[in-house]
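Asks: Once you've had a glance at the structure underneath, I'll fire off some questions.
We did not get these values from a lab; they are worked out from the coordinates using the rules stated. The structure presented is a predicted model; accordingly, all values stated were derived computationally and were not measured. All Cβ positions, glycine included, derive from the backbone under ideal geometry; neighbour counts span all protein chains shown.
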Amino acid sequence: MTDEQKCLEWLKHRRDNMPMAGAKRMFGIAIAALEKQEKKPAKAKFNKLYNKFVYFCPVCGEVTGHYDYCSDCGQAIDYDNPEPYTEGES
Ligand SMILES: [Zn+2]
């Protein structure tokens, strides 16, 4: 388990046991920001016109342009083992 994962576990535990709604929300924001730094596999779709794969963000569905982070939502993206893009996804 990485330090970031340990921190996430701690934050989630604190959030779940936090009685004050405002503080609970703050923990939620920190958790969401930390989770975006954990790489998730890109969605790949073969484009026949350009004869190459196009990659999509696994969280928001935007085209990533092969950057390390989604320019739309900030999700860290892994291109080593992309998952197939399925029709119906945004
Ligand atoms: Zn995104």
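Asks: If I go through segment 69-90 residue by residue, how many of them are acidic (Asp, Glu), closer than 12 Å to residue 40 by Cβ and within 12 Å of the ligand (Cβ to nearest atom)?
Replies: So the count comes out to 0.
Asks: Here's a follow-up. Across segment 44-82, what is the total count of residues that are closer than 30 Å to residue 10 by Cα and of a type outside the set (Phe, Trp, Tyr)?
Replies: 18
Asks: For the condition surrounded by fewer than 16 Cβ atoms within 10 Å (Cβ to Cβ) and over 15 Å from the mean Cα position of the chain (by Cα), what is the one hit in 21, 76, 32?
Replies: 21 is the lone residue from the list that is surrounded by fewer than 16 Cβ atoms within 10 Å (Cβ to Cβ) and over 15 Å from the mean Cα position of the chain (by Cα).
Asks: So residue 40 fits all but one of (1) more than 13 Å from the ligand (Cβ to nearest atom); (2) in contact with a strand residue (DSSP E or B) (Cβ under 7 Å, 6 or more places away or on another chain); what number is the exception?
Replies: Evaluating residue 40 over (1) more than 13 Å from the ligand (Cβ to nearest atom); (2) in contact with a strand residue (DSSP E or B) (Cβ under 7 Å, 6 or more places away or on another chain) leaves (1) as the failure.
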